[in-house]
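Since the structure comes first, as C-alpha cells, the remarks are kept for the end.
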Amino acid sequence: MSGFNDRERGFEAKYSFDLEQDFRVETHLYKMLVQWAGEQMGMTADECQDYTRKIIGEVVANPRENGVVALLLADFGRKNIDVTVSILNAKLEELRPVARAEVLA
C-alpha cells in the first residue's frame with residue numbers, strides 16, 4: 001500500500017507544480033500583452049512598466065474573467081485606437097509560446 005500512496009503523492013506534487021508553472025506563464029503572458037498595448041498607445045519604456053504594474057495590480061485587486069483584455073479595450077477606446085477583442089486575443093495567442101518559453105527557460 002505504501003507504493004500506491006507514494007505514487008499518489010507524486011501525482012499530487014506534479015499536478016501542483018504544473019498549476020504553478022501555468023500560473024507563472026499566464027502572468028508573464030499578460031504582462032507581455034500589457035507591454036505591447038502600452039507600445040501601441042505610444043508609451044515610453046518607463047511608462048509601459050508603470051502601466052503594466054497598474055493594469056496587473058487592478059486585475060489582482062478586482063479579478064474577473066478577461067480582466068486584462070477589458071481594461072486594455074477601455075484604455076484603447078479612451079485613446080481612440082481601434083483595437084478589438086479579436087485583435088487582443090490573436091496577440092495573446094501569438095505571445096503565448098514566447099511567454100511559455102521565457103518562463104520555462
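Tabulated data
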| quantity | calculated |
| --- | --- |
| Matching residues, the range 59-70, being in a loop (DSSP other than H, G, I, E, B), of a type outside the set (Lys, Arg) and either loosely packed, with under 13 Cβ neighbours inside 10 Å or at pLDDT 95 or above (or both) | Asn62, Pro63, Glu65 |
| Boolean, Leu73 is open to solvent by less than 60 Å² (accessible area, probe 1.4 Å) and either free of Cβ contacts under 8 Å to residues at least 60 places away in the same chain or on the phi > 0 side of the Ramachandran plot (or both) | yes |
| Residue ID - most open to solvent (accessible area, probe 1.4 Å), chosen from residues in the range 76-90 that are touching a Leu at 6+ places or on another chain (Cβ under 9 Å) and among the aliphatic types (A, V, I, L, M) | Val85 |
| Residues (closer than 19 Å to Leu71 by Cα and open to solvent by less than 60 Å² (accessible area, probe 1.4 Å)) located in the range 91-103 | Lys91, Leu92, Leu95 |
| Residue pairs meeting the criteria (Cβ under 8 Å; at least 6 apart or on separate chains; first farther than 18 Å from Arg78 by Cα and open to solvent by 70 Å² or more (accessible area, probe 1.4 Å), in the range 16-39; second assigned to a helix (DSSP H, G or I) and β-branched (Val, Ile, Thr)) | Arg24/Val103; Lys31/Thr52; Lys31/Ile56 |
| Filter pass, Ile56 being open to solvent by 30 Å² or more (accessible area, probe 1.4 Å), touching a helix residue (DSSP H, G or I) at 6+ places or on another chain (Cβ under 8 Å), on the phi < 0 side of the Ramachandran plot and part of a helix (DSSP H, G or I) | yes |
| From Arg78, Arg100, Arg53, residue being among the charged types (D, E, K, R) and more than 30 Å from Asp18 (Cβ to Cβ) | Arg78 |
| Qualifying residue in the range 24-34 (condition: out of contact with any Leu (no Cβ under 9 Å at 6 or more places or on another chain) and of a type in the set (Phe, Trp, Tyr)) | no |
| Pairs with Cβ under 6 Å, 6+ apart, first in the range 54-66 and in contact (Cβ under 8 Å) with a residue 24 or more places away in the chain and within 15 Å of Leu29 (Cβ to Cβ), second open to solvent by 70 Å² or more (accessible area, probe 1.4 Å) and part of a helix (DSSP H, G or I) | none |
| Extreme residue, nearest to Gly77 (Cα to Cα), among residues of the range 40-51 that are open to solvent by less than 80 Å² (accessible area, probe 1.4 Å) and in contact with a Gly (Cβ under 8 Å, 6 or more places away or on another chain) | Tyr51 |
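The values are calculated or read from the model by the stated rules, or taken from the named source; none is laboratory data. Since we're looking at a predicted model, the values are computed, not measured. All Cβ positions, glycine included, derive from the backbone under ideal geometry; neighbour counts span all protein chains shown. The protein model used for the area step is the full one, side chains on, heavy atoms only, and it has no ligands, DNA or RNA in it. Shrake-Rupley method; radii C 1.70, N 1.55, O 1.52, S 1.80 Å.
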